[in-house]
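Reading through the structure tokens given below for one structure.
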Amino acid sequence: MSKTNIRLVFFLIALIVVVKMYDRDRNETPRSESGENRADRQLAEQLTPSGPVEQKEGLAAAILIDVSGSMDESVAGVDGKKEKKIAIARRAALDLVGQFASYAADHQDEPVQLGIFEFSRRRGDPDCRPVVPMGAADRERAAAAIAGLEADGGTPIGQAMVTAKLALDKTGLTRRHLLVVTDGENTDGVEPDRVAVAIGKRPEIERPAIYFVAFDVDAGRFNTVRNAGGLVLSASNATELNSTLDSLLRGKILVEK
């Protein structure tokens, strides 16, 4: 064999070795995590309770009230006259506390906890803030706190859902409900449908029933939440909001176990 052929053989052998080493390294190196998968993993971590909670029979509900800037706009009040949506939401929230208190009084053998949260994106504040901390419903004690609801900021619906879900986890109660009252689409942070999907992947005991009331906004904007298992209802004015919330409480939330 000539020297030229020998050199060609060695070159081909070296080339084959290099190619095999490249393929081996490529197969052994884990693929980088996509941005979407990383976001889903981070969301799952956010939804994970900080520690074990003893489970017990009972009812817990977290009510999320949108207090973003658009809630300062007006719609028809119960008397037909224009009224700011935030004022309507205050009355509705206080009525919810009263209905929970009445239910608890009639079911004293059943633990009942309620939390009212406001949500908006404001500089220096958490996206979701407790107004009536999770606990026994007391209309008189809740009145002053609810009266302080003011409209300002963006609309971080998804992040508010995360906060509410974790608050429900801490109760340890088995019947859990997460109710969102909002007048607009998500403008800040994680989308609510992604949160709904992520909640659906949690262990069954961690999965609250999810309800959306689209207040003065097209309920179709929350079809993705509906597709993820949430119940989406609409209300265009004060009368419809009161009626919708009342039907939810009587038909879905404050029902006999």
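For the structure I just gave you, tell me whether K81 is more than 23 Å from I210 (Cβ to Cβ) and among the charged types (D, E, K, R).
yes
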Item to complete: Identify, by number, the condition in (1) touching a residue at least 40 places away in the same chain (Cβ under 8 Å); (2) surrounded by fewer than 22 Cβ atoms within 10 Å (Cβ to Cβ) that I157 doesn't meet.
Response: (2)
Worksheet item: Among the residues of the stretch 195-206, is any of a type outside the set (A, V, I, L, M) and under 23 Å from A151 (Cβ atoms)?
Response: no
Worksheet, complete the sentence: (1) touching a residue at least 24 places away in the same chain (Cβ under 8 Å); (2) surrounded by fewer than 21 Cβ atoms within 10 Å (Cβ to Cβ); (3) in a strand (DSSP E or B) all hold for L178 apart from (2)
Item to complete: Mind telling me which of the residues A101, A164, A142 ends up being outside any strand (DSSP E or B) and within 30 Å of R194 (Cβ to Cβ)?
Response: A164
Worksheet entry | Condition met for V232 (hydrophobic (A, V, I, L, M, F, W, C) and assigned to a loop (DSSP other than H, G, I, E, B)) | no
Worksheet item: Within the bounds of the stretch 212-222, is there any residue that is assigned by TED's automatic domain parsing to the domain that holds H177, touching a Leu at 6+ places or on another chain (Cβ under 8 Å), under 30 Å from P52 (Cα atoms) and touching a residue at least 12 places away in the same chain (Cβ under 8 Å)?
Response: yes
Worksheet item: When the stretch 199-226 is examined, which residues are found to be in a helix (DSSP H, G or I) and either touching a helix residue (DSSP H, G or I) at 6+ places or on another chain (Cβ under 7 Å) or buried (at least 22 other Cβ atoms within 10 Å of the Cβ) (or both)?
Response: I199, E206, F222, T224, V225
Item to complete: Look through A196, A167, A136, A145 and report the one residue that is out of contact with any Ser or Thr (no Cβ under 7 Å at 6 or more places or on another chain), hydrophobic (A, V, I, L, M, F, W, C) and in contact (Cβ under 8 Å) with a residue 60 or more places away in the chain.
Response: A167
Practice prompt. Scan the stretch 238-245 and give yes if some residue there is out of contact with any strand residue (DSSP E or B) (no Cβ under 6 Å at 6 or more places or on another chain), modelled with pLDDT of 95 or more and crowded, with 18+ Cβ neighbours inside 10 Å, otherwise no.
Written response: yes
Worksheet item: Inside the stretch 26-88, counting only strands (runs of 3 or more DSSP E) that do not spill past its ends, which hold 3 or more residues that are within 29 Å of R175 (Cβ to Cβ), at pLDDT 90 or above and out of contact with any Asp or Glu (no Cβ under 6 Å at 6 or more places or on another chain)?
Response: 56-66
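The values are calculated or read from the model by the stated rules, or taken from the named source; none is laboratory data. Model, not experiment: these values are computed from the prediction. Cβ sites come from the backbone with ideal geometry, for glycine too, and all protein chains shown count toward neighbours.
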